[in-house]
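The structure appears below as structure tokens.
The values are calculated or read from the model by the stated rules, or taken from the named source; none is laboratory data. This is a predicted model, so every value here is computed, not measured. Quick reminder, even Gly has a Cβ in these numbers, built from the backbone with ideal geometry, and neighbours come from all protein chains shown.
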Amino acid sequence: MLTFNGSYPGPTIVADWGDTVRIHVKNNMEFNGTSIHWHGLRQLWTTEQDGVNGITQCPIAPTDSFTYEWTATQYGTSWYHSHFSLQYAEGVAGAIVINGPTSANYDVDLGPVTLTDWYHATAFSEWHVAQTSGPPAAQNGLINGTNVFDCTGSTDTACVGGGKRFEFPAFEYGKKYKLRLINTSTDTHFRVSLDGHSLTVVAADFVPITPFTTDFLSIGIGQRYDVIIEANAPADNYWFRATIQTTCSAANTMALDVKGIVRYRTATTSGDPTTSAGTMTDSCLDEPLESLVPVVAKPVAESDLSTAQDVEVSIAITTVFKWTLNGISADIDWASPTLLKLLDGESYPTDYHVLDLPTANQMYYLVIETTLGITHPIHLHGHDFYILAQGTGAFNETSTPVNWANPMRRDVAMLPASGHLIIAFETDNPGIWLMHCHIVSSFHSFLPSHHHKE
């Protein structure tokens, strides 16, 4: 296992909206480099601080240090993680909280709640399995780094079992609690719920939204949601559930047993909850777009999407399989980052897969499609993109509904299985920015498309 400062998750970085944030990173590993990405942070005019080895920097070499500095131009919840190979799957991840307004009132901020899948073998050994046999099975799921596990029947001599459920601070009847949910998984989509309570959703990624209420909240890899839970149920102990959605996640025998505990302060018992989950449909889709309405309305000028950039997500299979965008599985020289090539006036090799966007302050449209029956969390660095359309089946310029009025903005959105995702973003942040799927098996074999703007 690899960690920040010896803990998992790593220390929570807390700042206020508008702060300058400076983080010193020292690489104490013996053989591997590293780089740290500040997920979802806009990095306005600081593309060199984005922390993507091979794209914006060379890896931080063993025993070397690097200081990152950026301005918190957004507020809300996010996370930081290694962008070197599979390191974040080994534990190199932590939460970010940037304090700012919330679109609904609450009494207590309970802070970040990280949700992740967990593997007993190293991510690097599992990667070799994934190259030839597909995604390997996970063995557990964790809430803020903890859960229980039963070793009965395990042949692994290192398995000791035990563990513990994550317990939230005691609820007080009548108060409203803010939770900052973060999916830091490698290959798992969750639906979150608290037995006997509803969730009021107030932000998606770094974008405040008009509050809406739900019993189950869908959260893909890399996504974040801020929710408010009112303590209005009878005084008791309740299961907090992060239910793994099996239709798009790694196989996991703990799929229904990733749970934490909420206790009311006046509850008369202290054992495990006996509450039951409601009825939920297994689904890997985002929350409905009609529910995700940004508080600050930003319309997008209508455009002819038949001329938009088409991006096809697929798999190339030789002796191993690799994820591709438009037939390219990027192969990047970490010692020759894309940003350095730009500054030196060099051309980009085909395998770097660069989309060159030289015109500033122009809206750019991407039609992302796949015929594969696999859902993909698509993440774009340096921007909150507009989601103009999202659904199953091929995009049709004349019949697919498109929202131009006030589309949801975020930095991770799900490309539905055998479906389409239509996004737009403005070229108002000069730099080299990576776009990739956040499933780690594709993350490592590279599923990127990156671009620069001058």
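Looking at (1) touching a helix residue (DSSP H, G or I) at 6+ places or on another chain (Cβ under 7 Å); (2) closer than 18 Å to Thr186 by Cβ; (3) of a type in the set (Ser, Thr, Tyr); (4) surrounded by 22 or more Cβ atoms within 10 Å (Cβ to Cβ), which is the one condition that is false for Tyr119?
(4)
Search the stretch 363-399 for residues being more than 17 Å from the chain's Cα centre (by Cα) and small (Gly, Ala, Ser), and hand back the single one that is nearest to Leu415 (Cα to Cα).
This residue is Gly391.
Take residues that are without any contact (Cβ under 8 Å) to a residue 24 or more places away in the chain and farther than 21 Å from Asp344 by Cβ and tell me which of the strands (runs of 3 or more DSSP E) falling wholly in the stretch 11-72 contain 1 or more.
Those strands (runs of 3 or more DSSP E) do not exist here; none qualify.
Quick one: which of Thr186, Thr114 is surrounded by 22 or more Cβ atoms within 10 Å (Cβ to Cβ), touching a residue at least 24 places away in the same chain (Cβ under 8 Å), of a type outside the set (D, E, K, R) and outside any strand (DSSP E or B)?
Matching residue, one of Thr186, Thr114: Thr186.
Of all the residues that make up the stretch 355-368, how many are over 19 Å from Arg42 (Cβ atoms) and either of a type in the set (Lys, Arg) or surrounded by 20 or more Cβ atoms within 10 Å (Cβ to Cβ) (or both)?
Summing the residues that are over 19 Å from Arg42 (Cβ atoms) and either of a type in the set (Lys, Arg) or surrounded by 20 or more Cβ atoms within 10 Å (Cβ to Cβ) (or both) in the stretch 355-368 gives 2.
Let's see how each residue does on (1) in the same structural domain as Ile36 (by TED's automatic domain parsing); (2) at pLDDT 95 or above:
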{"site": "Trp70", "(1), (2)": "yes, yes"}
{"site": "Gln74", "(1), (2)": "yes, yes"}
{"site": "Phe84", "(1), (2)": "yes, no"}
{"site": "Asp109", "(1), (2)": "no, yes"}
{"site": "Leu115", "(1), (2)": "no, yes"}
{"site": "Tyr119", "(1), (2)": "no, no"}
{"site": "Ala130", "(1), (2)": "no, no"}
{"site": "Gly141", "(1), (2)": "no, yes"}
{"site": "Val148", "(1), (2)": "no, yes"}
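Is it the case that Thr375 is touching a strand residue (DSSP E or B) at 6+ places or on another chain (Cβ under 8 Å), loosely packed, with under 15 Cβ neighbours inside 10 Å and among the β-branched types (Val, Ile, Thr)?
No, not satisfied.
Scan the stretch 119-135 for residues that are under 20 Å from the mean Cα position of the chain (by Cα) and under 13 Å from Thr253 (Cβ atoms) and jot them down.
Selection gives Tyr119 alone.
Can you name every residue in the stretch 122-166 that is outside any loop (DSSP other than H, G, I, E, B) and either at positive phi or exposed (fewer than 13 other Cβ atoms within 10 Å of the Cβ) (or both)?
Selection gives Ser125, His128, Thr132, Ser133, Gly162, Gly163.
Report yes if Trp79 is more than 24 Å from His436 (Cβ to Cβ), among the hydrophobic types (A, V, I, L, M, F, W, C), in contact (Cβ under 8 Å) with a residue 60 or more places away in the chain and in contact with a Gly (Cβ under 8 Å, 6 or more places away or on another chain), otherwise no.
Values: more than 24 Å from His436 (Cβ to Cβ): no; among the hydrophobic types (A, V, I, L, M, F, W, C): yes; in contact (Cβ under 8 Å) with a residue 60 or more places away in the chain: yes; in contact with a Gly (Cβ under 8 Å, 6 or more places away or on another chain): yes.
Considered against the rule, which asks whether it is more than 24 Å from His436 (Cβ to Cβ), among the hydrophobic types (A, V, I, L, M, F, W, C), in contact (Cβ under 8 Å) with a residue 60 or more places away in the chain and in contact with a Gly (Cβ under 8 Å, 6 or more places away or on another chain), Trp79 comes out as no.
If I go through the stretch 221-232 residue by residue, how many of them are outside any strand (DSSP E or B) and touching a strand residue (DSSP E or B) at 6+ places or on another chain (Cβ under 8 Å)?
4
Name the residue that is nearest to Gly196 (Cα to Cα), counting only residues in the stretch 211-254 that are of a type in the set (Gly, Ala, Ser) and buried (at least 19 other Cβ atoms within 10 Å of the Cβ).
The selected residue is Ala231.
Kindly establish whether Ala61 is under 20 Å from Asp187 (Cα atoms) and out of contact with any strand residue (DSSP E or B) (no Cβ under 7 Å at 6 or more places or on another chain).
For Ala61, the condition - under 20 Å from Asp187 (Cα atoms) and out of contact with any strand residue (DSSP E or B) (no Cβ under 7 Å at 6 or more places or on another chain) - is not met.
If we keep just the residues of the stretch 57-78 that are closer than 24 Å to Val296 by Cα and of a type in the set (Gly, Ala, Ser), which is surrounded by the most Cβ atoms within 10 Å (Cβ to Cβ)?
Gly76
Please pick out the residue among Ala277, Ala250, Ala235 that is farther than 30 Å from Thr186 by Cβ, part of a loop (DSSP other than H, G, I, E, B) and touching a residue at least 40 places away in the same chain (Cβ under 8 Å).
Exactly one of Ala277, Ala250, Ala235 is farther than 30 Å from Thr186 by Cβ, part of a loop (DSSP other than H, G, I, E, B) and touching a residue at least 40 places away in the same chain (Cβ under 8 Å), namely Ala235.
Can you tell me which of Val300, Val262, Val258 is surrounded by 12 or more Cβ atoms within 10 Å (Cβ to Cβ), touching a strand residue (DSSP E or B) at 6+ places or on another chain (Cβ under 6 Å), outside the structural domain of Phe171 (by TED's automatic domain parsing) and not small (Gly, Ala, Ser)?
Result: Val300 is the single residue among Val300, Val262, Val258 that is surrounded by 12 or more Cβ atoms within 10 Å (Cβ to Cβ), touching a strand residue (DSSP E or B) at 6+ places or on another chain (Cβ under 6 Å), outside the structural domain of Phe171 (by TED's automatic domain parsing) and not small (Gly, Ala, Ser).
Considering only the stretch 20-42, I want to know if a residue exists there that is over 21 Å from the mean Cα position of the chain (by Cα), small (Gly, Ala, Ser) and within 30 Å of Ala121 (Cα to Cα).
Checking the stretch 20-42: at least one residue is over 21 Å from the mean Cα position of the chain (by Cα), small (Gly, Ala, Ser) and within 30 Å of Ala121 (Cα to Cα).
Could you tell me which of the residues Thr157, Thr213, Thr200 is under 17 Å from Gln139 (Cβ atoms) and of a type in the set (S, T, N, Q)?
Step by step, each of Thr157, Thr213, Thr200 is checked, and only Thr157 is under 17 Å from Gln139 (Cβ atoms) and of a type in the set (S, T, N, Q).
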